[in-house]
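Visitor: Before we start, here is the structure in question, set down as structure tokens.
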Amino acid sequence: QSIIISQGSGANVTIATGQTKGVYLDGAGSGAAVIDAFAALSVVDLLVDDALTVTGVSTFGGGTSISTAGVLSLEAGGSLTTAAGNDLNIVYPDGRSLFFKEAGTTTLTLDNAQGATFAGVVTANAGVVVDTMTLDAGTLTATADFKIDSAGDIFLDAAGTEIFFQNSGTNFGKILSS
């Protein structure tokens, strides 16, 4: 059950079930008001020994760092953003991995060796570059020699019945299925 604190005809403060607030009384008589001391909190350093829940939009000034010895989480719809032209740095200093989760399931893991593990499909509509190879749409391009090496068989499957050999875009041979 909520608690409503009132004095005079001034502002009231409602403390909802499960919430804690700091209030003070401003003035006396009919012009007095009850003020929520933390409605517009401005502190230089804030130390919280337990969980800190922030609702609404929270803005931190330039150069601000948020650090935790435990878990930093964003509720549904939450985001971390920076002003245009600035980087968002997420640093995990002790060499462990950084996990991104959805509904308790890890969807992306960034490890301390600069590796990434995805739990689902990776979509890259502008191509994917791996070492000297680029895969974009239906073309695999190598910037150096390209070797196909298989411990088993190699299958070339062309529904168009022809496999072409080219040098700099010019056909010089083909295999035809009849």
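Visitor: I want to check the label-to-label distance for Ala51 and Thr132. Put each point 7 Å from Cα in the C-beta direction and report it in nm to one decimal.
Guide: 5.4 nm
Visitor: To continue, here is another question. For labels at Ile175 and Ser97 in the simple 7 Å Cα→Cβ model, what's the distance in nm?
Guide: Label at Ile175, label at Ser97, 4.0 nm between them.
Visitor: Here's another thing I want to ask about it. How much of the accessible area of the chain, probe 1.4 Å, is carbon plus sulfur, in whole percent?
Guide: Solvent-exposed carbon and sulfur of the chain make up 53 percent of the total.
Visitor: Here's another thing I want to ask about it. For Rg/Rh (Cα atoms, Kirkwood Rh), the choices are (i) 1.26; (ii) 0.95; (iii) 1.04; which was calculated from the structure?
Guide: (i)
Visitor: I'd like to know which of Ala159, Ala16, Ala113 lies farthest towards the positive end of the charge dipole of the chain, counting +1 on Cβ of Lys and Arg and -1 on Cβ of Asp and Glu.
Guide: Ala16
Visitor: List the lysines whose alpha-carbon lies under 20 Å from that of Lys147, not counting same-chain residues fewer than 8 positions away?
Guide: Candidates past the 8-residue exclusion: Lys174.
Visitor: Tell me, what is the FRET efficiency for Ile90 and Leu25 to the nearest 0.05, using R0 = 45 angstrom and their Cβ-Cβ distance as r?
Guide: Computed FRET efficiency for Ile90 and Leu25: 0.55.
Visitor: OK, next. How far apart, in nm, are the 7 Å Cα→Cβ label points at Ile163 and Ser150?
Guide: 0.8 nm
Visitor: If you count only protein heavy atoms with a 1.4 Å probe, what accessible area per residue comes out for the chain, rounded to a whole Å²?
Guide: 87 Å²
Visitor: Treat every Asp and Glu Cβ in the chain as -1 and every Lys and Arg Cβ as +1, leave all other atoms uncharged, and give the resulting dipole magnitude about the Cα centre to the nearest 20 debye.
Guide: Charge dipole, the chain, about its Cα centre: 320 debye, nearest 20.
The values are calculated or read from the model by the stated rules, or taken from the named source; none is laboratory data. What you are looking at is a predicted structure, and each value in this text was computed from that prediction instead of being measured. With ideal geometry, Cβ positions are generated from the backbone for all residues, glycine too; neighbour counts draw on all protein chains shown. Accessible surface areas use protein heavy atoms only, side chains included; no ligands, DNA or RNA. Shrake-Rupley method; radii C 1.70, N 1.55, O 1.52, S 1.80 Å.
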